[in-house]
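Before any comments, here is the structure.
The values are calculated or read from the model by the stated rules, or taken from the named source; none is laboratory data. Computed from a predicted structure; not experimentally measured. Note that we place each Cβ from the backbone using ideal geometry, even for glycine, and neighbour counts take in every protein chain shown. Calculation scope for accessible area: heavy atoms of the full protein, side chains included, ligands and nucleic acids excluded. Shrake-Rupley method; radii C 1.70, N 1.55, O 1.52, S 1.80 Å.
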Amino acid sequence: MSVPATAKRRSFLAFLMAASVLAACKPTGGGSATATTGPIVVGEFASLTGSEAAFGQSSHKGTELAFGKLNQAGGVLGRPFQLLTEDNQSKAGESATLVKKFLSRDHVVAVLGEVASGRSLEAGPICQAAGIPMISPSSTNPKVTEVGDAVFRVCFTDPFQGRLLAEFARKTLKVHRVAILSDTASAYSVGLAQFFREPFVAGGGEVAIELKYASRDKDFKAQLTAIKAAGPEGICVPGYYTEVGLIIKQARELGLTIPIFGGDGWEAPQLIEIAGNDALKNTFYSTHFSPIQDSPQVREFVASFQAKYHEVPDAMAALGYDSAVALAEAVKKAGSTEPDKLRAALAATDFVGVTGRTKLNAQRDAPKAAVIITVEDGKFKFLQTIEP
Ligand code: PHE
């Protein structure tokens with residue numbers, strides 16, 4: 001996709017306008033949520049560095065691509081979007097600080113973020129207290145939107161993801177006795193372990209052993225040795241790719257060749273780098289999007305993403321894109337960026353995005369289909385789609 005010079009100039013001008021407004025620390029016009037002219041300022045907080053850098057970087061690219069396209073088409077209400085992006089370094093505590101700054105200094109119209117549920121849970125109450133809408137692209141823990149009517153997401157939640165993993169394990173992998181190894185330091189992991197365990201056991205499955213680790217751990221041999229001794233037929237690891245990659249590698253080193261499976265937190269090219277291609281044989285995860293899905297929206301998105309970033313988009317990129325589109329649709333529908341009107345319009349979100357139809361339910365969640373991915377020859381391979 002090539003951006004016409006006029007559009008480039010327009011967004012650069014918008015950028016300069018907003019930059020000078022922000023630098024003055026006294027937002028007028030475009031810097032205020034109730035402004036009716038000037039750029040629509042949006043704050044995105046993301047893990048651009050640190051242990052989940054792949055999440056933030058990918059999600060940011062999708063978001064940036066969407067706003068670029070929207071601005072190229074003239075923005076909404078005749079106003080361009082201006083995206084402010086801040087890095088929380090994948091660290092706890094940082095997101096709260098960044099989001100407070102977005103609200104008090106930058107007077108953003110809306111906040112976009114985060115991928116990881118733990119960091120969305122940090123920022124949600126701050127946005128809720130201010131009445132400024134926050135849209136999480138891809139946090140799946142149910143508690144994220146339970147914070148209140150200012151917090152939205154454009155993805156499915158973990159009760160669905162846990163259930164589909166339980167069913168996939170029983171029906172497709174044909175495993176009936178499993179081990180669960182989850183991350184006590186991650187709200188996402190603790191939740192998904194529970195949302196997997198309950199339907200798995202209710203459906204006649206057995207949990208042979210359940211063990212824990214904590215984010216940033218590097219050595220999982222003690223847990224894996226105990227798992228091996230318990231003799232399960234499969235291992236469920238609802239974690240993030242950095243630790244999951246090491247867990248898979250070390251499991252294979254200990255001679256555990258049984259299927260290992262988990263959720264969307266596995267998704268990152270680094271999973272393959274960390275675990276290695278051989279160790280990833282017989283591993284599976286569920287996620288939100290596959291670039292090979294055949295719809296006009298996906299084809300157009302994959303082509304424009306590849307043209308801009310020279311890589312194939314993943315689930316975080318697709319949901320980052322859809323989170324920006326959801327906001328733009330709501331501003332258009334509200335005819336305003338005024339917080340009350342924007343929240344009401346967001347609650348009525350219903351559009352067909354690159355991750356499918358995004359229709360928010362009464363909990364401000366977006367039930368939609370999941371996909372199962374495996375790794376073959378060093379590449380992620382689409383296996384099946386599972387409807388909600
Ligand atoms: N759903 C995960 C969470 O809530 C984050 C995630 C989404 C990771 C999509 C990868 C892909 O923490």
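Classify the stretch 188-243 as rounded, prolate or oblate, taking a ≥ b ≥ c as the square roots of the eigenvalues of its Cα gyration tensor: rounded when a/c is under 1.5, otherwise prolate if a/b is larger than b/c and oblate if not. Note, shape of the stretch 188-243 comes out oblate.
What does the extension gain come out to for residue 257 and residue 129, with contour length at 0.36 nm per residue minus their alpha carbon separation? Mind showing how you got there, number by number?
On the way: separation 128, 0.36 × 128 = 46.08 nm, distance 4.90 nm.
Gain in length upon complete extension: 41.2 nm.
Taking all protein chains into account, the per residue accessible area for the chain stands at 39 Å² (1.4 Å probe). Pairwise Cα distances in the chain exceed 41 Å in 14 percent of cases.
May I ask which of 101/368; 281/379; 61/143 have a Cα-Cα span longer than 22 Å here?
Numbers: 101/368 33 Å; 281/379 11 Å; 61/143 26 Å.
Checking Cα-Cα distances, 101/368; 61/143 exceed 22 Å.
When the stretch 245-371 is described by a simple charge dipole with +1 on each Lys and Arg Cβ and -1 on each Asp and Glu Cβ, the residue from 319, 354, 344 located farthest towards its positive end is 344. Site pair residue 363 and residue 146 shows an inter-label distance of 0.9 nm when each label is modelled 7 Å from Cα along Cα→Cβ. FRET efficiency for the pair residue 194 and residue 37, taken as 1/(1 + (r/R0)^6) with r the Cβ-Cβ distance and R0 = 35 Å, rounds to 0.15.
Projecting the Cα atoms of 60, 150, 37 onto the dipole axis of the chain, where Lys and Arg carry +1 and Asp and Glu carry -1 at the beta carbon, places 37 farthest toward the positive end. Surface composition of the stretch 75-220: carbon and sulfur atoms hold 53% of the protein heavy-atom accessible area at a 1.4 Å probe.
If R0 is taken as 30 Å, the Cβ-Cβ distance between residue 281 and residue 89 corresponds to a FRET efficiency of 0.35. I need the shape label for the stretch 126-243. Rule: rounded when a/c is under 1.5, else prolate if a/b > b/c, else oblate, with a, b, c from the alpha carbon gyration tensor. Since a/c reaches 1.5 but b/c is at least a/b, the shape of the stretch 126-243 is classed as oblate.
Summing charges over neighbours of residue 251, with a neighbour being any other residue whose Cβ is under 11 Å away from its Cβ, gives +3 when K and R count +1 and D and E count -1. In this simple spin-label approximation, residue 201 and residue 382 carry label points 7 Å from Cα along the Cα→Cβ vector, and these lie 3.6 nm apart. Along the axis of the charge dipole computed for the chain (Cβ charges of +1 for Lys and Arg, -1 for Asp and Glu, origin at the Cα centre), the listed residues 215, 335, 231 are led at the positive end by 335. Under conditions of 37 °C and 0.692 mPa s, the stretch 78-174 yields 227 µm² s⁻¹ as its translational diffusion coefficient, taking Rh as the Kirkwood radius over Cα pairs in the Stokes-Einstein equation.
Just from its helices, what would the mean residue ellipticity at 222 nm be for the chain, if runs of 4 or more DSSP H residues each count -39500 (n - 2.57) and the sum is divided by every residue, rounded to the nearest 500 deg cm²/dmol? Walk me through the numbers before you get to the answer.
Working: 13 runs with 167 residues, N = 388.
Calculated mean residue ellipticity at 222 nm is -13500 deg cm²/dmol.
If you put +1 on each Lys and Arg Cβ and -1 on each Asp and Glu Cβ, how big is the dipole of the chain around its Cα centre, in Debye rounded to 20? Display every interim value, and only then the final one.
Numbers: 40 positive and 39 negative charges, 127 e Å.
Result for the chain is approximately 620 debye, rounded to the nearest 20.
Could you tell me the distance between the Cα centroids of the stretch 348-388 and the stretch 57-101, to the nearest Å? Result: 22 Å between the Cα centres. For the stretch 159-287, the relative contact order is 25 percent, taking Cα pairs closer than 8 Å that sit 6 or more residues apart in sequence and dividing their mean separation by the residue count. Once you sort the root eigenvalues of the Cα gyration tensor of the stretch 267-388 as a ≥ b ≥ c, which label holds: rounded (a/c under 1.5), prolate (a/b larger than b/c) or oblate (the other case)? Prolate shape, in that a/c is at least 1.5 and a/b is the bigger ratio.
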